[in-house]
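*Asks:* Mind looking over this structure? Questions follow.
The values are calculated or read from the model by the stated rules, or taken from the named source; none is laboratory data. These numbers come from a predicted model, not from an experiment. Glycine also receives a Cβ, built like all others from the backbone with ideal geometry; neighbour counts cover every protein chain displayed.
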Amino acid sequence: MSTDPHKSSVGGLPENNDVSFETRDISISSVLWSLFYLAVTVVVSLAICVFFFKLATNYAASHDTPRPIVRQQMSAEDEKRMTMPEGPLLQGVPISPTEPQQEHRDKVAADNAENERYGWVDEKAGVARISVKDAMKIIAEKGLPNFPAPPAEKKK
């Protein structure tokens, strides 16, 4: 940046012998024509994309295997029932009439209650059900029992 003082002309604008500028730096008509050409280019590009999309869709449809005859004779309701099972499909899916989060909380509570339940599985064989916490304590104290390995099958 120069620290030299500038000469001032009549309008108070600085004068410089090496630099000149126009009073009107931009042409409005050139900007409008540029925007017009841009709009035409976008519309032509869109038309080309739509043409290729339809061409590719028709090509894929012509090379696709037809549906089985059994499916062609089905009503739309039967076909929907075959493709989608009855709801709720997963916990938290909006098909269910109840609140999805409440269903999840109920499921977790039921699972935890089942894990904490005591009872006989087979009283004659002496197999009982104990809580998961107690089972973990017993395994931590005594370790896992040693079971004999199953015999290996001979390969033919």
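*Asks:* Between ASP111, ASP18, which is part of a helix (DSSP H, G or I) and at pLDDT 65 or above? Before you say what the answer is, go through the steps one by one.
*Replies:* On the way: ASP18 fails: part of a helix (DSSP H, G or I).
Being part of a helix (DSSP H, G or I) and at pLDDT 65 or above holds for just one of ASP111, ASP18, which is ASP111.
*Asks:* Could you go through region 71-93 and let me know if any residue there is modelled with pLDDT of 80 or more and in contact with a strand residue (DSSP E or B) (Cβ under 7 Å, 6 or more places away or on another chain).
*Replies:* Kept after step one, since they are modelled with pLDDT of 80 or more, are these residues of region 71-93: 73-78.
Those still in the list that are in contact with a strand residue (DSSP E or B) (Cβ under 7 Å, 6 or more places away or on another chain) too: none.
No, there is no match, as no residue in region 71-93 is modelled with pLDDT of 80 or more and in contact with a strand residue (DSSP E or B) (Cβ under 7 Å, 6 or more places away or on another chain).
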